[in-house]
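The values are calculated or read from the model by the stated rules, or taken from the named source; none is laboratory data. If you're wondering where the values come from, they're calculated on a predicted model, not measured in any experiment. For neighbour counting, all protein chains shown are included, and Cβ atoms are generated from backbone atoms with ideal geometry for every residue, glycine included.
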């Protein structure tokens, strides 16, 4: 796509207040972001059925590209955006991979697979957040809300970015979430035991539903039983006026005719008739005369310090072994407070799918995305479990709140790819895979480049998103201008350097931007887009499987995920049962050649094995099988019925 084709780009902007007194965070290389390339999406899988024509959507891809794609259909239509981006924690997040079911024996205990890295160079993090907040603002409806979950070490930067994009007046809350069973993060200084959650609105008329927490012991001690056994406390009855407030003091046994403390005369008469007005021995009302029943109250309005929701611990029933997984109770509070049933919720850093699972349980529509294929597969499995739970009529989110249960649920969802990330299912491994595939000659560790090939210095750009001019900073800092002067003197008509940039999608002026930074020297720049130019590169061993049909059943005879076996340092014949290597099996008995619509989703619990044998319906045609291994990498193949 090019700038000459306006259909390839989505443009936007936001009005900035006068510069005087306007808060703005600045960083090296900050650049405006007022247009974005449009990226098409390909539907890959479908689960369940639509509700009133609506399909929830899951996207595998860089959320900048996903939001750029969504702008065309959902600009100004999303009611709530919650994002939990990387915290710039300077750490890699890993998932323990071990064989399912029975042990293979010996000392084998599995290995750790990186899910994503949270290590950033210079000011890339600020630009990363800035661009995504701008796109999120474009997607929000007029009454919508934006929530960003962050670390106290970066929250002041992120708040400044959000103030710039939304305007300071759109900020309405900062919540400190105190994890009651927090991580052991003790070092020098006070223990870090809380996260920051920032709340912004698209406009003044934003949605907010008050949330409540149960009364504490001291408050409950004020309640006592009446003759019917109901718990109540007595409240004083007062007049309210512009000038004063005084005790409501009735004489006689009937309420006054025209004076109240905020309730209507009819309400007072109703309470009197119901016996909710306490009386003295002579029949007159007491000064502390109004009964407040405990079962009529909602509790205390929740404030901005949340200390009643713990993290997902090692023994939690919610635990999916996905790094940085957030508890459902946290998302239930946010989604319930800032949206209504039927509203649309978006989470661009989906992770284990908590936002999507809670949205489905709360009767909201949702869209989710993640760059990590492990997140996509984890979320698909989780959402299918929620679909089954709702179908059976059980929903543990409403065990204590049946009155709040939505009347309609949106259970069907589709899975899309934006761009083509099948090349690198785990972006963390990408650089090493590219080095191997391109057979790069190593350079000293101090070099800004990743290797050398055919006379070019090769720089592998971030492959989990579009390469931008901001990403060139490390390359620019690594240019040797003294060497350029010498080479230009020796050969004035030749480029002083040859640089090869390797990326997965890039801004169209990446080459010219680097050449401009090298002026007055002439450098040759080649850009390889691996999505488009991967034909001659071999990155990983292909998986294989053996399918058969026996006595009316589809039978998986064997499964050989070569990349996983290589990581396990096992040969396929050492594994006692191929099912130990499998996370899920999906079978579509009427495959249309494009979209997988599984009739069978065999995704058992953590230590259980897939069945491996499945009854074939009489009307089956082309049968498509998708087998996903413990690394979330998949093999797909067909078998014709008859």
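Take segment 328-341 and flag every residue that is outside any helix (DSSP H, G or I) and buried (at least 19 other Cβ atoms within 10 Å of the Cβ). 339, the sole residue that qualifies.
When you scan segment 344-360, do you find a residue that is over 16 Å from the mean Cα position of the chain (by Cα) and within 27 Å of residue 66 (Cβ to Cβ), even just one? Within segment 344-360 (the criterion being over 16 Å from the mean Cα position of the chain (by Cα) and within 27 Å of residue 66 (Cβ to Cβ)), the answer is no, since none of the residues qualifies.
Consider segment 625-642. How many of its residues are part of a loop (DSSP other than H, G, I, E, B) and surrounded by fewer than 19 Cβ atoms within 10 Å (Cβ to Cβ)? Full working, then the answer.
Within segment 625-642, the subset part of a loop (DSSP other than H, G, I, E, B) is 630-633, 641-642.
Filter once more, keeping what is surrounded by fewer than 19 Cβ atoms within 10 Å (Cβ to Cβ): 641-642.
The qualifying residues number 2.
For residues that are closer than 29 Å to residue 336 by Cβ and modelled with pLDDT under 95, scanning just segment 77-95, find the one that is surrounded by the fewest Cβ atoms within 10 Å (Cβ to Cβ). It would help to see each step written out before you state the result.
Here is the first cut: in segment 77-95, the residues closer than 29 Å to residue 336 by Cβ are 77-87, 89, 93.
If we keep only those that are modelled with pLDDT under 95 as well, we get 84-87, 89, 93.
Values: 84: 23, 85: 20, 86: 20, 87: 19, 89: 15, 93: 18.
Here the answer is 89.
For every residue, the table says whether it meets (1) at pLDDT 90 or above; (2) over 32 Å from the mean Cα position of the chain (by Cα); (3) in a loop (DSSP other than H, G, I, E, B).
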site: 574; (1), (2), (3): no, yes, yes
site: 583; (1), (2), (3): yes, no, no
site: 587; (1), (2), (3): yes, no, no
site: 593; (1), (2), (3): yes, no, yes
site: 598; (1), (2), (3): yes, no, yes
site: 604; (1), (2), (3): yes, no, yes
site: 610; (1), (2), (3): yes, no, yes
site: 618; (1), (2), (3): yes, yes, yes
site: 623; (1), (2), (3): yes, yes, no
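Out of 41, 8, one residue alone is modelled with pLDDT under 85 and either within 17 Å of residue 466 (Cβ to Cβ) or over 22 Å from the mean Cα position of the chain (by Cα) (or both). It is 8. A Cβ distance below 7 Å, combined with a sequence gap of six or more or placement on separate chains, defines the contacts here; from segment 311-333, residues that are at positive phi reach residues that are assigned to a loop (DSSP other than H, G, I, E, B) in the pairs 324/351.
Yes/no matrix, rows are residues, columns are (1) more than 22 Å from residue 474 (Cβ to Cβ); (2) at pLDDT below 80:
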site: 377; (1), (2): yes, no
site: 386; (1), (2): yes, no
site: 394; (1), (2): yes, yes
site: 411; (1), (2): yes, no
site: 456; (1), (2): no, no
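Scanning segment 33-63 for residues that are without any contact (Cβ under 8 Å) to a residue 24 or more places away in the chain and not assigned by TED's automatic domain parsing to the domain that holds residue 384 gives a single hit, 34.
For segment 305-319, a residue qualifies if it is surrounded by fewer than 17 Cβ atoms within 10 Å (Cβ to Cβ) and in contact with a strand residue (DSSP E or B) (Cβ under 9 Å, 6 or more places away or on another chain), and the qualifying residues are 305, 307, 308.
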